[in-house]
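Asks: Quick one: the structure is below, questions incoming.
The values are calculated or read from the model by the stated rules, or taken from the named source; none is laboratory data. Predicted, not measured: the structure shown is a model, and the values here were computed from it. So basically every Cβ, Gly included, is an ideal-geometry build from the backbone, and we count neighbours across all protein chains shown.
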Amino acid sequence: MRLILSAMIAFGALTTMASAEKKSDHECALDFEMKNIDGKVVDLEDFEGKVVLIVNTASECGLTPQFAGLESLYQKYKDKGFVVLGFPCNQFGGQDPGSNAEIKQYCTSNYSVSFPMFSKVEVNDDGACDLYKYLTSKETKPKGAGSVSWNFEKFLVDRDGQLIARFAPPTKPDAKELVSAIEAEL
């Protein structure tokens, strides 16, 4: 009896380990859990079925005014199944040094940001969060795989969670190529 019980426990442990490994085999950009700006864990699978624009943001950057364009884009297309996800990052010139609460306050009071914002992350090097390790490993157009070059790099994800495009930081939210890519998925 003890042998059977030991075998059942071992099998259960192996099954649990196998399913944990499977969850870490990220098959799409929405296979991650991230903390939102208020510290609550959000399963990105909640955004499945939507076209998602993932952007690393900063509050003290020359590109910071892109928050206004991102919010406009979100407002224009959110009823059609589009969402922007903002991920503050302080890796580029220390341009987002504030706490999550300070970043949230800044974004809402200066740019009326209503799209989901997440806790500060790292997007490059050994400290990069798993989501960005995944995003930067994929070959995409118009910008290919590789490290994030600066604040406001944009990753476009289709309704199935597949990464379909990547745009360099200077690409404005109302740029024809970005808007066309979003509209093609809506």
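Asks: When you go through Thr140, Thr64, Thr108 one by one, which is the residue that is more than 21 Å from Met34 (Cα to Cα) and surrounded by fewer than 19 Cβ atoms within 10 Å (Cβ to Cβ)?
Replies: Exactly one of Thr140, Thr64, Thr108 is more than 21 Å from Met34 (Cα to Cα) and surrounded by fewer than 19 Cβ atoms within 10 Å (Cβ to Cβ), namely Thr140.
Asks: So, in the range 103-158, how many residues would count as being without any contact (Cβ under 8 Å) to a residue 24 or more places away in the chain and in contact with a Leu (Cβ under 8 Å, 6 or more places away or on another chain)?
Replies: The qualifying residues number 0.
Asks: Pick from the range 111-137 the residues that are buried (at least 17 other Cβ atoms within 10 Å of the Cβ) and among the hydroxyl-bearing types (Ser, Thr, Tyr): which of them is nearest to Phe67 (Cα to Cα)?
Replies: So, considering only residues that are buried (at least 17 other Cβ atoms within 10 Å of the Cβ) and among the hydroxyl-bearing types (Ser, Thr, Tyr), the one nearest to Phe67 (Cα to Cα) is Tyr111.
Conditions (1) closer than 21 Å to Val157 by Cα; (2) within 18 Å of the chain's Cα centre (by Cα), marked per residue:
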site: Gly69; (1), (2): yes, yes
site: Gln75; (1), (2): yes, no
site: Lys80; (1), (2): yes, no
site: Val84; (1), (2): yes, yes
site: Asn110; (1), (2): no, no
site: Lys120; (1), (2): yes, yes
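Asks: Of the conditions (1) in contact with an Asp or Glu (Cβ under 8 Å, 6 or more places away or on another chain); (2) among the polar types (S, T, N, Q); (3) surrounded by fewer than 21 Cβ atoms within 10 Å (Cβ to Cβ), Asn56 clears all except one; give me its number.
Replies: (3)
Asks: Any residue at all in the range 135-154 that is under 24 Å from Pro97 (Cα atoms) and part of a helix (DSSP H, G or I)? Can you show your working first?
Replies: Going residue by residue through the range 135-154, those that are under 24 Å from Pro97 (Cα atoms) are 135-136, 147-154.
When the remaining residues are screened for being part of a helix (DSSP H, G or I), the result is 135-136.
Yes, the range 135-154 contains at least one residue that is under 24 Å from Pro97 (Cα atoms) and part of a helix (DSSP H, G or I).
Asks: Take the conditions more than 30 Å from Ala184 (Cβ to Cβ), acidic (Asp, Glu) and either without any contact (Cβ under 8 Å) to a residue 12 or more places away in the chain or surrounded by 21 or more Cβ atoms within 10 Å (Cβ to Cβ) (or both) and apply them to Asp96. Does it pass?
Replies: Judged against the criteria, Asp96 is a match.
Asks: (1) among the hydrophobic types (A, V, I, L, M, F, W, C); (2) at pLDDT 95 or above; (3) surrounded by fewer than 14 Cβ atoms within 10 Å (Cβ to Cβ): which one isn't true of Ala145, the others all being true?
Replies: Evaluating Ala145 over (1) among the hydrophobic types (A, V, I, L, M, F, W, C); (2) at pLDDT 95 or above; (3) surrounded by fewer than 14 Cβ atoms within 10 Å (Cβ to Cβ) leaves (2) as the failure.
Asks: Mind listing whichever residues of the range 161-182 are surrounded by 13 or more Cβ atoms within 10 Å (Cβ to Cβ) and acidic (Asp, Glu)?
Replies: Restricting attention to the range 161-182, the residues satisfying the condition of being surrounded by 13 or more Cβ atoms within 10 Å (Cβ to Cβ) are 161-175, 178-179, 181-182.
Asp174, the sole residue that qualifies.
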